[in-house]
Amino acid sequence: MKPPTLPDFTPDTLFNGRLHCLQPRRGYRFSLDSVLLAHFVETSPTDSILDLGAGCGVVSLILAYRWPTIRLTALELQEQLALALHLNIEMNHLSGRLRLVKGDLRQIKDIFSAGSFTQVICNPPYYKCGSGRCNPNSEQAVARHEIMADLEEIIGAAAFAVRNRGRALFVYPAERAATLLTKLRRHHLEPKRLQIIYGHPGGPGKLILVDSRRGGGEELQIMRPFYIYNEPGSRQYSPE
């Protein structure tokens, strides 16, 4: 289906035009971290996955495209992002496998039953309120700063929604890795895989990808480094 012409959205594509994704023209737009998270997920054919704070749905769209038998639910609170998500589901003919639920993750117990999903994925806000420069666009501010929900509430929602032995996966700034890992364990989500994302070889870690298991043991696999670019100052992506 050809993307609709809407003044508030831009039509973007992934996988050489085979996957369409509308995004707000001036609001929150996804970045590389969402794409990395989507490719970090490991699935089985019968998985039921919750995308927590899904935005325009890019992570769910990528997963639905790559894994045609899994079922996905995307939870999003903000009106414009929820509209973009709805349009993306229809445009990519995914209404049978990807469901939009408009709601607040802080009320997750009123939305879903405990342990409803085999996996929960989340690209949470990275910054505390009052830290860093807060984007004047309220949609971007909510997506990037802990305005509507803090990290504790987000992880608590993930822990409630995922079944025992199920997975909860996050992308987060490397500089706040200790905070994320501590809060995961507090909610009985044991980190099992961790990958550090670097801008280039020799540079500092920028992001971490974490795969945690509800009720899992203590063993943690540190995966090989992931480099976005081949060398400092380059705009050429690495083979990965």
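The values are calculated or read from the model by the stated rules, or taken from the named source; none is laboratory data. Note that the structure is predicted; figures quoted are calculated from it, not measured. Cβ: placed from backbone, ideal geometry, glycine included. Neighbour counts: every protein chain shown. The accessibility values were calculated without ligands, DNA or RNA, using every heavy atom of the protein model including side chains. Shrake-Rupley method; radii C 1.70, N 1.55, O 1.52, S 1.80 Å.
Data table
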{"read-out": "Test item: Cα-centred dipole of the chain, Lys/Arg +1 and Asp/Glu -1 on Cβ, debye", "value": "220 debye"}
{"read-out": "Whole-Å semi-axes of the ellipsoid equivalent to the stretch 150-237 (Cα gyration tensor, √5λ, descending)", "value": "28, 13, 10"}
{"read-out": "Dipole magnitude of the stretch 147-199, debye to nearest 20 (Cβ charges: Lys/Arg +1, Asp/Glu -1, about Cα centre)", "value": "360 debye"}
{"read-out": "Solvent exposure of the stretch 22-85 as accessible area per residue, Å², 1.4 Å probe", "value": "35 Å²"}
{"read-out": "All aspartates and glutamates inside 16 Å of LYS192 as judged from Cα atoms, apart from same-chain residues fewer than 8 positions distant", "value": "GLU42, ASP211, GLU218, GLU219"}
{"read-out": "Electrostatic dipole magnitude of the stretch 54-102 [Cβ: Lys, Arg +1; Asp, Glu -1; Cα centre; debye, to 20]", "value": "220 debye"}
{"read-out": "D_trans [Stokes-Einstein, Kirkwood Rh over alpha-carbon pairs] for the stretch 177-222, 4 °C, 1.567 mPa s, µm² s⁻¹", "value": "116 µm²/s"}
{"read-out": "Sorted peptide list for 19-25, 175-181, 59-65, 80-86, criterion being average Cβ within 10 angstrom, highest first", "value": "59-65, 80-86, 19-25, 175-181"}
{"read-out": "Kirkwood-Stokes translational diffusion coefficient of the stretch 196-240, alpha-carbon pairs, 25 °C, 0.890 mPa s, µm²/s", "value": "204 µm²/s"}
{"read-out": "With all protein chains modelled, accessible area of TYR237 [1.4 Å, Å²]", "value": "140 Å²"}
{"read-out": "Cα convex hull volume per residue for the stretch 1-85 (Å³)", "value": "95 Å³"}
{"read-out": "Where only alpha carbons of the chain are counted, the Rg and the Dmax (Å)", "value": "17.2, 50"}
